[in-house]
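The values are calculated or read from the model by the stated rules, or taken from the named source; none is laboratory data. Just so it is clear, the structure is predicted and the values come from calculations on it, not from any experiment. Here the Cβ is made from the backbone with ideal geometry for all residues, glycine too, and neighbour counts use every protein chain on show.
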Amino acid sequence: MSRYSSKAGRPLHDVVAFRIVSGGEQESNTRNRLVVVGVAWLIATVLGWWAVTAYDWHPFGASREARITDEAFDLLMLMAVPIATFVLVVIGYSLLRDRDRGQDVDGPPIRTNRTFVVGWLAVTTILSIVVIITPGFSGLDELRAYPEPDLVIDVKGERWSWEYTYAESGVQTRGTLMVPIDTRIMFRISSTDVIHSFWIPAFRIKMDAVPGIITTTMVTAEKLGTFESADELRVQCAELCGVGHARMWTGVSVVTEAEFDAWLEASAG
Amino acid sequence: MNIVRGLIGGAVGYILGAALLMTIRVATGARAWEVESVSAGAWMFALIGWLLAVGVWRYWAREWFGLELVPYTTTGWRRYLDFDTDHKVIGIQYLVKFLTMFFMAGLFAMLMRYELMDNGEALLDSGRYNAIMSLHGTMMVFVAVAATVGAFGNFVVPIMIGADDMAFPRLNALSFWLIPPVLIALTVSFVSGGYDTGWTGYAPLSVESDVGGLFFNLAFFTLGLSSIIGALNIIVTVVTMRAKGMNWMRLPIFVWSIFVTSILSLIFTQFIALAMLMVVLDRTAGMVFFDPASGGDPLLYQHIFWFYSHPAVYIMILPAFGITLEIISHFSRKPLFGYKWAVGGLLGIMGMSMFVWAHHMFTSGMAEALRKPFLASTELISIPTGMIFLSAVGTLWLGKIRLELPMLFALAVLFNFLIGGITGVFLADVPVDIQLQDTYFVVAHLHYVVLGGGIFGLFAAIYYWFPKMTGRMMNDRLGKIHFWWMMVGFNVTFLPMFIVGLQGMNRRVADYTPDLVGTNRVISMAGFFLGTSFVVFLYNFIYSWIKGAKAPANPWGARTLEWQVPSPPPHENFEVPPIILADPYGYGEPDSDHADLGIGTLPKIQETVEA
Amino acid sequence: MRESPGFTAIVVLSVLTVIEYFVSAEAVAGAFFWLLIISIAKAAIILVAFMHLRNIFGNEHS
Amino acid sequence: MTVTDAPPLEHGVSRIKINRIGLWLFFLSEAMLFAGLIAIRFSLLGTEVDEAVSQSIGLVITVILLASSYTAFRAEHAAHKGDQAAMVQYLWATLILGTIFLGGVAFEWYEAFMEFPPGTAFGTVFFTMTGIHAFHVITGLIFLTVLIRNAKAGRYADDSWPVEAGVKYWHFVDIVWVFFYPVLYLI
């Protein structure tokens, strides 16, 4: 049972009994509060920054695109921390300081505060625009740089396997996807039945395979490795495509150009 | 009983419809029985049969044949099983119905988490896992879309604006009685093998799925019909039925949120009907909307689907915002800070929600040129969302906060949505989204928004208005146990999901790479913990309803109109139409009064406190 | 015309329909644009003349 | 209180206006469905129109539907003036014209099955759009039938709202066709 229920019978006027504070006292009180909140916010933000930079968010990354994506993520993380701590600190401070501890009174009738509202709007607007420009547009432009491929691989998704065709040599495989290091690779992705999604976690690239159209995505691998060394090096279907969806994957091997050429030759023969 | 009558009516409708369609099929030289084609058409007849039997015949159709209308005159608890037109009865019907659905869907989630405890297949094979996952998603989306609006939009909005009922009481009942067929269709779907497309039902996979997929489409279709009718009713009610003096800037913020939500429902729900219709036509009538070989386009489905389903996210979350702000003001004993800005935020979200849908499709293969505009529009929607937080933070500041149960849940909405909102900014950023799309990061994000925001808001509303709806208090201690149990369980379940998503676990899989087993165990354990918290709630809910302490008219000392009438409110809510004098948030202002209830100058409040 | 309310409207609508037909049949330059304009004009006529769009803003009985 | 109408509050909006606002909101919602169909048509087909659509049938049924809107309007006008006999006559005229329109669509469908079956992109769009519109025409015809039946029983002498609602719905279906006709036949 609520301890306020006894007041319910009284006319609303009577419940109103807030303390009237003199102007000077109120002002210094507000200043103190703001100082405390400000300091707490700073501390929380620094701690937050320490935490998010100390923790390694990203799985194994092996491509130029992975660097861009991870940088964008880290930047967003740094921007998110002060926002989150601000809201949490202000709410937390209010919860600690501004509790009604049985006095049964109303708070001051503050309806709005021009400075605070305008400041808040300005900050959120500026932040949104900043986020749009960087890492949004800038990251996207970086991903789209170097649109000329050195190697084209046709990827065909069908339930529930991937088929890779190396465009120039015509080599075809349903096994491990072999890609050479430091080579600009374009994947031309298509599907024969339903929608799949061509995703290589270690490369941070993903593009749907849609029946009827050919979609493309580009990547430059920067680290050697195989599925056995890091299971992020796999082609994984990321769009639900039926019963075999979870197991629609193959390994990816990033090899040196010499090894790649040798493999290509051996497979073509 | 009404439901039995309805089932018989539905069956008769189905048989008549099937017979008609089969006759037509035979006449055109097709095979008479083909389960999908016949069922899709016959479903419409079954719906009509169901509706006629549960009440439309007595309330409407008799008039068309020159007969007198025969309304139900049931009293007592049986009203809740009948086609009752009292908005308060309908509100409770909605609440119970959707809580049932919520718990069923929750059980499916438990099954999924059991399966995901380990990689490889344990309890369920991929097919069954997909079916259960799809059903969980679908039912939860239905709950999130319709539960708060249905239950509290119906129960409290008319009282809050000083009306004695909704504008169209019969339509109101009709929109509720379209909900049971939704559940029936989902059951039929599940029994007939389920469907494995997820709640998004992307074509062409959904065109090829088993017969269960058809009933999923029909269920969604029926729910859409219900929410359009319900939304229309709420809009007209708020526009025309406000009490004297209740001008737009005096509306409680919850009414605003429901009003804005209803506009979204009214306009956008047609698109989900269209998306479902196209799939059904592809399945049954040999059409080729999504068949590229004949000139169709699979991406068309996604555009139409998300054109509804992104606004639908706001249909889920805006009522929770409204409840949160409402509760924060009343329990901080302070006027709602920046009321106009909060309303502006709601309207801003409504306006912008129709320009952001393609951020679900950054990796879908749509035109590259669309990425930047949708990135920008999506990030900009955080400005109006920020206004909601502005209002909440400003209200709490310097308040006289009372940490009662509803307040705890309202604060939890703020906390959870803060995380959900910030991760939304990550997902709107195209480079990051390319990696995170379709991973558990998205799963975590959407659960923070929909469960942490929408459903926590629903529970805030239940704890807040339970005394008004039932006339009894919820047990406070059990409620607090439930709150902390649910809050901790929720966060421990879904925070690690961000991590597994980042580590490369894609969504909608029964199987995953071995290095993620550890985290998934933690998630599953926390998930079971979260699941069991609802047992406490359910016990409290049922026990308090039957045996809880009698509630006074205004247990929280809140100033909105619904608390100035007895609990539960009498049939027509007010003895005389109230006259509104000021907005309901005049806490701390001497001589401010929200309404003149016509009984003296001050609200008459009944003292029914029991020891 | 005083005795036949709505008659003007239906005449204009018919004329517009015929114009519409010929715009299409003769493949007039910018046909798409003209068809759009004519459709909107026809819809507006029906809304205003037949459906009393203004009635939802006033309270009078048509 | 009867179950049918919540009485308006003293100061409140009149019942008929409440009904009107509800009806217009319903039209708004429905308009989104048809707008979506038009968007799908352009998305799938661009501005292509199959040569085989019958221009003559299209023009004729369009004019017939427009004419039925006029008779519907006259029926409502008569209802407001309290002229029951004229109202019934005009409702009958509307019903007949609507049925002829439907017959035209059926005939067009019969032809279309040969030229562009639902298995082609144009057929898909054509059958879906005309089908959904025809569905609305059929519901409109059912409303008209009920109206005629009850008008003969003298039901609308005092309260002409049902007539107004039925007629407005009929106009709405007509407006939809105003856009569908050029989109499907002309462009």
Next item on the list: Give the residue, chosen from A:Trp49, A:Trp41, that is surrounded by 12 or more Cβ atoms within 10 Å (Cβ to Cβ), modelled with pLDDT of 90 or more, in a helix (DSSP H, G or I) and touching a Ser or Thr at 6+ places or on another chain (Cβ under 7 Å).
Entry: A:Trp41
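Might you let me know whether the range B:175-190 holds any residue that is within 23 Å of B:Phe321 (Cα to Cα) and within 21 Å of the chain's Cα centre (by Cα)?
No, the conditions are met nowhere in the range B:175-190.
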Note to self: Pull out all pairs, ordered by first then second residue, where Cβ-Cβ is under 6 Å, the residues are six or more apart or on different chains, the first lies in the range C:3-21 and is more than 7 Å from every other protein chain (Cβ to nearest Cβ) and within 16 Å of D:Phe179 (Cβ to Cβ), and the second is in a loop (DSSP other than H, G, I, E, B) and among the small types (Gly, Ala, Ser).
What the structure shows: none
Notebook entry, point to check: Counting just the residues of the range B:26-80 that are in a helix (DSSP H, G or I) and among the acidic types (Asp, Glu), which one comes out nearest to B:Ser209 (Cα to Cα)?
Noted result: B:Glu36
Item checked: Residues located in the range B:359-401, provided they are within 26 Å of the chain's Cα centre (by Cα) and among the charged types (D, E, K, R) -> B:Glu379
Note to self: Any residue in the range D:128-142 that is closer than 10 Å to D:Leu95 by Cα sitting within a Cβ distance under 8 Å of a residue that is among the polar types (S, T, N, Q)? List the pairs, counting only those 6 or more apart or interchain.
What the structure shows: D:Leu141/D:Thr99
Note to self: Scan the range B:355-362 and tell me whether some residue there is part of a helix (DSSP H, G or I), surrounded by fewer than 23 Cβ atoms within 10 Å (Cβ to Cβ), aromatic (Phe, Trp, Tyr) and more than 11 Å from chain A (Cβ to nearest Cβ).
What the structure shows: yes
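A:Pro201 - would you say it is under 22 Å from B:Ile434 (Cα atoms), in contact (Cβ under 8 Å) with a residue 40 or more places away in the chain and either crowded, with 21+ Cβ neighbours inside 10 Å or not acidic (Asp, Glu) (or both)?
Yes, satisfied.
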Notebook entry, point to check: For residues in the range B:544-563 being under 25 Å from the mean Cα position of the chain (by Cα) and not acidic (Asp, Glu), which is nearest to the other protein chains (Cβ to nearest Cβ)?
Noted result: B:Trp563
Check: What residue, of D:Val105, D:Val183, D:Val137, D:Val176, is outside any loop (DSSP other than H, G, I, E, B), in contact with a Lys or Arg (Cβ under 8 Å, 6 or more places away or on another chain) and more than 12 Å from chain B (Cβ to nearest Cβ)?
Finding: D:Val183
Check: If you scan the range A:89-120, which residues turn out to be assigned to a helix (DSSP H, G or I) and facing chain B (nearest Cβ under 7 Å)?
Finding: A:Val90, A:Ile91, A:Ser94, A:Leu95, A:Phe116, A:Val117, A:Trp120
Next item on the list: State whether one or more residues within the range B:496-503 are in contact (Cβ under 8 Å) with a residue 24 or more places away in the chain, away from chain A (no Cβ under 12 Å), assigned to a helix (DSSP H, G or I) and touching a Pro at 6+ places or on another chain (Cβ under 6 Å).
Entry: no
Check: Limited to the range B:330-357, what total is found for residues that are in contact with a Ser or Thr (Cβ under 8 Å, 6 or more places away or on another chain), over 30 Å from B:Glu589 (Cα atoms) and touching a residue at least 24 places away in the same chain (Cβ under 8 Å)?
Finding: 4
Check: Out of all the residues in the range C:22-44, which are in a helix (DSSP H, G or I) and either more than 9 Å from chain D (Cβ to nearest Cβ) or charged (D, E, K, R) (or both)?
Finding: C:Phe22, C:Phe33, C:Trp34, C:Ile37, C:Ala41, C:Lys42, C:Ala44
Checklist line | Answer from B:Val236, B:Val182, B:Val207, B:Val191 - the residue that is farther than 25 Å from B:His303 by Cα, among the hydrophobic types (A, V, I, L, M, F, W, C) and away from chain D (no Cβ under 12 Å) | finding: B:Val191
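Checking the condition assigned to a loop (DSSP other than H, G, I, E, B), surrounded by 18 or more Cβ atoms within 10 Å (Cβ to Cβ) and assigned by TED's automatic domain parsing to the domain that holds B:Phe466, which residue from B:Phe83, B:Phe108, B:Phe102 passes? Outline the logic, then answer.
Values: B:Phe108 fails: assigned to a loop (DSSP other than H, G, I, E, B); B:Phe102 fails: assigned to a loop (DSSP other than H, G, I, E, B).
Matching residue, one of B:Phe83, B:Phe108, B:Phe102: B:Phe83.
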Notebook entry, point to check: Do you know which residues across the range A:174-206 are within 11 Å of chain B (Cβ to nearest Cβ) and not in a strand (DSSP E or B)?
Noted result: A:Thr192, A:Asp193, A:Val194, A:Ile195, A:Pro201, A:Ala202, A:Phe203, A:Arg204
Check: List the pairs whose first member sits in the range B:232-251 and is surrounded by fewer than 20 Cβ atoms within 10 Å (Cβ to Cβ), whose second member is assigned to a helix (DSSP H, G or I) and modelled with pLDDT of 90 or more, and whose Cβ atoms are under 8 Å apart, counting only residues at least 6 apart or on separate chains?
Finding: B:Val239/D:Ile21; B:Met249/B:Tyr339; B:Met249/B:Lys340; B:Met249/B:Val343
Next item on the list: Scan B:Val255, B:Val191, B:Val236, B:Val260 and give me the residue that is among the β-branched types (Val, Ile, Thr), within 30 Å of B:Ala42 (Cα to Cα) and outside the structural domain of B:Val54 (by TED's automatic domain parsing).
Entry: B:Val191
Next item on the list: With the condition kept exactly as written, say whether any residue in the range B:395-403 is within 10 Å of another protein chain (Cβ to nearest Cβ) and either assigned to a helix (DSSP H, G or I) or closer than 27 Å to A:Ser138 by Cβ (or both).
Entry: yes
Notebook entry, point to check: For B:His303, all conditions in the list (1) touching a residue at least 40 places away in the same chain (Cβ under 8 Å); (2) buried (at least 24 other Cβ atoms within 10 Å of the Cβ) hold save one; what is the number of the exception?
Noted result: (2)
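Hey, could you check the range B:259-307 for residues that are aromatic (Phe, Trp, Tyr) and part of a loop (DSSP other than H, G, I, E, B) and say which is farthest from the other protein chains (Cβ to nearest Cβ)?
Looking at the filtered set, the residue picked out is B:Phe290.
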Next item on the list: Go through the range B:146-226 and tell me which helices (runs of 4 or more DSSP H), entirely inside it, have 2 or more residues that are within 17 Å of B:Ser262 (Cβ to Cβ).
Entry: B:157-160, B:169-177
Item checked: Top-ranked residue in the range B:34-83 [being farther than 19 Å from B:Leu16 by Cβ and of a type in the set (Ser, Thr, Tyr); ranked as nearest to the chain's Cα centre (by Cα)] -> B:Tyr80
Item checked: Those residues of the range B:417-432 which are touching a residue at least 24 places away in the same chain (Cβ under 8 Å) and either surrounded by fewer than 24 Cβ atoms within 10 Å (Cβ to Cβ) or more than 14 Å from every other protein chain (Cβ to nearest Cβ) (or both), in sequence order -> B:Leu418, B:Ile419, B:Gly420, B:Thr423, B:Gly424, B:Val425, B:Leu427
Item checked: All positions within the range A:239-269 that are of a type in the set (A, V, I, L, M) and closer than 29 Å to B:Gly213 by Cβ -> A:Leu240, A:Val243, A:Ala246, A:Met248
Notebook entry, point to check: Is it true that B:Asp196 is surrounded by 23 or more Cβ atoms within 10 Å (Cβ to Cβ), modelled with pLDDT under 90, within 30 Å of B:Met278 (Cβ to Cβ) and among the acidic types (Asp, Glu)?
Noted result: yes
